[in-house]
């Protein structure tokens with residue numbers, strides 16, 4: 001099991017948590033046809049380095065999730081937080097955003 005980079009930001013009404021698999025930090029991918037790009041930057045994702053247990057706890061608490069990397073996205077799918085059809089993949093680099101709404 002690898003580690004994850006995590007950044008937690010308090011937003012109105014909750015937490016925004018960005019999480020990236022350790023091995024994708026600093027990577028980028030661009031789809032030349034659409035111009036869509038994924039950039040896993042230290043500025044956005046590069047907070048604390050944490051383990052699986054902490055990542056699962058943060059994903060349950062978050063109001064907004066921004067995830068990069070196969071491991072963290074698989075974990076979110078397994079937890080029922082992400083529909084696999086919602087995952088963006090460019091040149092093997094995966095990204096997804098989750099917004100939790102409560103009524």
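Any read-out appearing in this document is the output of simple, stated calculations on the displayed coordinates, not a laboratory observation. These figures come from a predicted structure and were not determined experimentally. Please note: Cβ atoms are built from the backbone with ideal geometry, for glycine as well, and neighbour counts cover all protein chains shown.
List of remarks:
- Estimated from helices alone, the mean residue ellipticity of the chain at 222 nm is -6000 deg cm²/dmol (sum of -39500 (n - 2.57) over DSSP H runs with n ≥ 4, per residue).
- With the simple spin-label model, which puts each label point 7 Å out from Cα in the Cβ direction, the residue 28 to residue 100 separation comes to 3.2 nm.
- Between the labelled values (i) 38; (ii) 69; (iii) 29, the entry that holds percent of Cα pairs over 21 Å apart as derived from this structure is (iii).
- Gyration tensor (alpha-carbon) shape descriptor, the range 47-103, a/c threshold 1.5: oblate
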